[in-house]
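**Q** Sharing a structure, written as structure tokens. Questions coming.
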Amino acid sequence: MEPARESPNAPSDAILEVRGLEVTFATDRGAVKAADGVSFDLKPGLTLGLVGESGCGKTVTALALLRLVPPPGRITGGRVLFGGEDLLALSERAMEDIRGKRISMVFQEPTTAFNPVLTIGDQIAEALIIHGGAGRAEAHAAAVGMLDKVGIPDPAERAGTYPHQMSGGMRQRAMIAMALICRPDILIADEPTTALDVTIQAQILDLMGAMQREFGVAILFISHDLAVISEMADEVMVMYAGRVVERAPADALLAHPLHPYTQGLIETLPRHGVGRGRLPAIPGTVPDLGALPDGCRFSDRCPLADDGCRAADPPLTRAPGGRWVACYKAAP
Amino acid sequence: MSTATDSRGMFGLALRRFRRHRLALGSAAALVVLAVLAVAAPLVEAALGVDSGVVDLFNRFAPATAAHPLGTDELGRDVLVRLLYGGRVSLLVGLVTALAAAVIGTIVGLIAGFYGGRVDGLLMRFTDGVIALPLLPLLIVLAALDLEKVGLPAAFVQSENVSLYRIIAIVALVGWTTVARLVRGAALTLREADFVLAAHAQGAGALRIMAVHILPNLISPIIVATTLSVGSVILLESVLSFLGLGIQPPIPSWGNLLTNAQELIWTAPALAFYPGILIFVTVIAFNFLGDGLQDALDPKAMEGR
């Protein structure tokens, strides 16, 4: 595939340009591409939603931006341009300066993403000490200020407590404070609300929106839940089996999905006041990346697939309205 | 409502669990008494009005009196005061050596477990090698080594305490393997933890992640292992001293007091009995203390029983 064909008419205001990103895992049965030719832009103050089923390569793509893909995975291709520099070409030392300071990450499980034996305040202050050369007292004060911003009551007292003494929602707020303490340009949020109750989930989404307005941070918001994505994202990218299959402005994508997989995802959303009985489901499961079907990767689950689909993998091509879709049968 | 009790944190809870552990509590008390007496040896000496360094051949094998509560030895020196001075040496050697071994083992284990792969393989094969060394012959060779020829300054080599430093170094150099394996195993697991990934994502370097994020999670097992090893170090010191390769007289240690008593076992069995019982009590107390700390610091281990 040619990355050139995938690249959108890149607006110059993009802060991060990902082109043809490829992550390969060495397995017993040979090399498997968990992300294959993924391209997108992140723009300041805007949110890109990344949606797809489990195992489609969302988290691997996110970790690749920080060059934190766990072994046996390796980034084997593409470029990640941040301020004109290719992050994939930087030294590990230079990459450490970017992590947490310019690009930071919120994880899915606030329970395990905090170190159980360190106080919340120390963990939030850490990035400032690493990057800003801030003193302990100064960094601690900043951490308390940040806890206050993310809506934690008694922030000065809370900073001295341990993770297990907080509720899940509180911990996720603290995690957002930790990610934003250095005022990064980009925030990667990997399923930040999946582990939370629905009511807490809404609060966290509100908080992330408010933080984005205050700091102008660009967000890559990853979720398997299209309903959550639709609330947060300005633009949505749908991944399937390591490939981007559709990318479009959020409203357009939800109102009028082009790819059969996206259509399937939207149909599975429960809608208020519409219909009764069973929700539709997409038949089958995400294919094993080691044993992909020939041609289009979705062809074995797709109601529209024909011999042409099974013969060649459709490239991501431009569609009207600033949209991109990888499907021969895409609804016009 | 929970914060009031919770805020004392893990160590508050551990303390409460520890206090329920009678045997460990008793052991801790016994060790504290022994340590205080050993540290206060000069005071005891002054209070009794004796001088344990002075030979008094007119007063050999004296029975217990007010001035000599445990009698005197074959050179007329006060047995109690000699035992206390010996305790100073034996406890000091035990603690310092166990600490030094724990430091070496922690560093080796952390590096092996954190980096994994080839580094881990190399360090662990080296550890296996050290474990496989026949300990006693090696210690004998090391103890017989002429330090001046190794390049150490003559003043240091001829100082009275050199046998003390020598035994600490020797035992620490072979004793770190237990802690290294323990730490390595735990670090291998911890490096996969989400919070380590989160620390990476915050821009923390390898050294920082090892020292700030992984090490504090390993403190409890390291404390337990170190406590347990104090006992075995004291035993090893007494063995070496008994063989004449450890602490050299006139510095007393429980080990070389035992050596002295060996020839007199028929004339004055008490002289062998006292250092023997002190070694026994100390070693067993450190073992009970280690078990108690284990149960207190790691309640999961106790549930399994």
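The values are calculated or read from the model by the stated rules, or taken from the named source; none is laboratory data. Here the structure is a predicted model, which means the values were calculated and not measured. Using ideal geometry, Cβ is built from the backbone for each residue, glycine included, and neighbour counts are taken over all protein chains shown. All accessible areas refer to the heavy atoms of the entire protein, side chains included, with ligands and DNA or RNA removed. Shrake-Rupley method; radii C 1.70, N 1.55, O 1.52, S 1.80 Å.
**Q** Given the conditions (1) touching a Pro at 6+ places or on another chain (Cβ under 9 Å); (2) open to solvent by less than 40 Å² (accessible area, probe 1.4 Å); (3) closer than 17 Å to A:VAL38 by Cβ, which single one is not true for A:GLU235?
**A** (2)
**Q** Please pick out the residue among A:PRO249, A:PRO293, A:PRO303, A:PRO257 that is loosely packed, with under 13 Cβ neighbours inside 10 Å and either modelled with pLDDT of 85 or more or in contact with a helix residue (DSSP H, G or I) (Cβ under 9 Å, 6 or more places away or on another chain) (or both).
**A** On the way: A:PRO249 fails: loosely packed, with under 13 Cβ neighbours inside 10 Å; A:PRO293 fails: loosely packed, with under 13 Cβ neighbours inside 10 Å; A:PRO257 fails: loosely packed, with under 13 Cβ neighbours inside 10 Å.
Result: A:PRO303 is the single residue among A:PRO249, A:PRO293, A:PRO303, A:PRO257 that is loosely packed, with under 13 Cβ neighbours inside 10 Å and either modelled with pLDDT of 85 or more or in contact with a helix residue (DSSP H, G or I) (Cβ under 9 Å, 6 or more places away or on another chain) (or both).
**Q** Within segment A:208-223, identify whether any single residue is of a type in the set (Asp, Glu), outside any loop (DSSP other than H, G, I, E, B), over 19 Å from the mean Cα position of the chain (by Cα) and over 23 Å from B:ALA199 (Cα atoms), and answer yes or no.
**A** yes
**Q** Going by the conditions given, is A:ILE124 at the interface with another protein chain (Cβ under 9 Å from one of its Cβ atoms) and assigned to a helix (DSSP H, G or I)? Break it down stepwise before answering.
**A** Numbers: at the interface with another protein chain (Cβ under 9 Å from one of its Cβ atoms): no; assigned to a helix (DSSP H, G or I): yes.
Judged against the criteria, A:ILE124 is not a match.
Results for (1) within 30 Å of B:GLY231 (Cβ to Cβ); (2) open to solvent by 60 Å² or more (accessible area, probe 1.4 Å); (3) of a type outside the set (S, T, N, Q), shown as yes or no for each residue.
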| residue | (1), (2), (3) |
| --- | --- |
| B:ARG22 | yes, yes, yes |
| B:GLY26 | yes, no, yes |
| B:ALA29 | yes, no, yes |
| B:ALA35 | yes, no, yes |
| B:ALA41 | yes, no, yes |
| B:VAL44 | yes, no, yes |
| B:VAL50 | no, no, yes |
| B:PHE58 | no, yes, yes |
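**Q** Kindly evaluate A:ALA142 against the criterion of being in a helix (DSSP H, G or I), surrounded by fewer than 22 Cβ atoms within 10 Å (Cβ to Cβ) and more than 12 Å from chain B (Cβ to nearest Cβ). Step through it out loud before you land on a result.
**A** Values: in a helix (DSSP H, G or I): yes; surrounded by fewer than 22 Cβ atoms within 10 Å (Cβ to Cβ): yes; more than 12 Å from chain B (Cβ to nearest Cβ): yes.
Yes.
**Q** Still on this structure: Among residues belonging to segment A:19-66 that are surrounded by fewer than 23 Cβ atoms within 10 Å (Cβ to Cβ), assigned to a strand (DSSP E or B) and among the β-branched types (Val, Ile, Thr), point out the one that is modelled with the highest pLDDT.
**A** Among residues in segment A:19-66 that are surrounded by fewer than 23 Cβ atoms within 10 Å (Cβ to Cβ), assigned to a strand (DSSP E or B) and among the β-branched types (Val, Ile, Thr), the one modelled with the highest pLDDT is A:THR24.
**Q** Scan (1) open to solvent by 30 Å² or more (accessible area, probe 1.4 Å); (2) assigned to a helix (DSSP H, G or I); (3) more than 7 Å from every other protein chain (Cβ to nearest Cβ) for the single condition A:GLU96 breaks and write down its number.
**A** A:GLU96 satisfies all of (1) open to solvent by 30 Å² or more (accessible area, probe 1.4 Å); (2) assigned to a helix (DSSP H, G or I); (3) more than 7 Å from every other protein chain (Cβ to nearest Cβ) except (3).
**Q** Tally the residues that are basic (Lys, Arg) and touching a residue at least 60 places away in the same chain (Cβ under 8 Å), restricting the search to segment A:136-187.
**A** First pass over segment A:136-187, keeping only residues basic (Lys, Arg): A:136, A:149, A:158, A:171, A:173, A:183.
Filter once more, so that each one left must be touching a residue at least 60 places away in the same chain (Cβ under 8 Å): A:149, A:171.
Qualifying residue count, segment A:136-187: 2.
**Q** Residues that are touching a Cys at 6+ places or on another chain (Cβ under 6 Å), surrounded by 23 or more Cβ atoms within 10 Å (Cβ to Cβ) and at the interface with another protein chain (Cβ under 10 Å from one of its Cβ atoms): list the helices (runs of 4 or more DSSP H) wholly contained in segment B:162-245 that include at least 1 such residues. It would help to see each step written out before you state the result.
**A** Details: elements: B:162-175, B:177-190, B:194-201, B:219-242.
So the answer is none; nothing clears 1.
**Q** Quick check on my filter: what residues within segment B:283-294 are touching a Phe, Trp or Tyr at 6+ places or on another chain (Cβ under 8 Å) and either open to solvent by less than 20 Å² (accessible area, probe 1.4 Å) or aromatic (Phe, Trp, Tyr) (or both)? Spell out the reasoning first.
**A** Quick first cut of segment B:283-294, residues touching a Phe, Trp or Tyr at 6+ places or on another chain (Cβ under 8 Å) only: B:292-293.
Selection gives B:GLY292 alone.
**Q** Please go through segment A:67-89 and pick out each residue that is of a type outside the set (Val, Ile, Thr), in contact with a Phe, Trp or Tyr (Cβ under 9 Å, 6 or more places away or on another chain) and either crowded, with 16+ Cβ neighbours inside 10 Å or in a strand (DSSP E or B) (or both).
**A** A:GLY73, A:ARG74
**Q** List the residue pairs whose Cβ atoms are under 6 Å apart, where the first residue sits in segment A:106-134 and is more than 14 Å from B:HIS200 (Cα to Cα), the second is basic (Lys, Arg) and open to solvent by 10 Å² or more (accessible area, probe 1.4 Å), and the two are 6 or more positions apart or on different chains.
**A** Taking only residues 6 or more apart or on different chains, the pairs are A:PRO110/A:ARG171.
Results for (1) at pLDDT below 85; (2) open to solvent by 30 Å² or more (accessible area, probe 1.4 Å); (3) over 19 Å from B:ILE251 (Cα atoms), shown as yes or no for each residue.
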{"position": "B:ALA67", "(1), (2), (3)": "yes, yes, yes"}
{"position": "B:LEU83", "(1), (2), (3)": "no, no, no"}
{"position": "B:GLY86", "(1), (2), (3)": "no, no, no"}
{"position": "B:VAL89", "(1), (2), (3)": "no, no, no"}
{"position": "B:LEU92", "(1), (2), (3)": "no, yes, no"}
{"position": "B:LEU99", "(1), (2), (3)": "no, yes, yes"}
{"position": "B:LEU110", "(1), (2), (3)": "no, no, yes"}
{"position": "B:GLY117", "(1), (2), (3)": "no, yes, yes"}
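**Q** Can you find a residue that is more than 14 Å from chain B (Cβ to nearest Cβ) and in contact with a strand residue (DSSP E or B) (Cβ under 8 Å, 6 or more places away or on another chain) anywhere in segment A:193-207? If you could, list the steps in order and put the result at the bottom.
**A** If we filter segment A:193-207 for residues that are more than 14 Å from chain B (Cβ to nearest Cβ), which is where we start, we get A:193, A:196-207.
Among the residues that remain, those that are also in contact with a strand residue (DSSP E or B) (Cβ under 8 Å, 6 or more places away or on another chain) are: A:193.
Checked against the condition, which is being more than 14 Å from chain B (Cβ to nearest Cβ) and in contact with a strand residue (DSSP E or B) (Cβ under 8 Å, 6 or more places away or on another chain), segment A:193-207 yields at least one hit.
**Q** Continuing with the same structure: Would you mention how many residues in segment A:99-121 are open to solvent by 10 Å² or more (accessible area, probe 1.4 Å), in a helix (DSSP H, G or I) and within 7 Å of chain B (Cβ to nearest Cβ)? Full working, then the answer.
**A** If we filter segment A:99-121 for residues that are open to solvent by 10 Å² or more (accessible area, probe 1.4 Å), which is where we start, we get A:101-102, A:107-109, A:111-112, A:116-119.
Next cut, in a helix (DSSP H, G or I) only: A:111-112.
Remaining after also requiring within 7 Å of chain B (Cβ to nearest Cβ): A:112.
Residues meeting the conditions: 1.
**Q** Going through segment A:67-76 one residue at a time, which ones are away from chain B (no Cβ under 14 Å) and at pLDDT below 90?
**A** none
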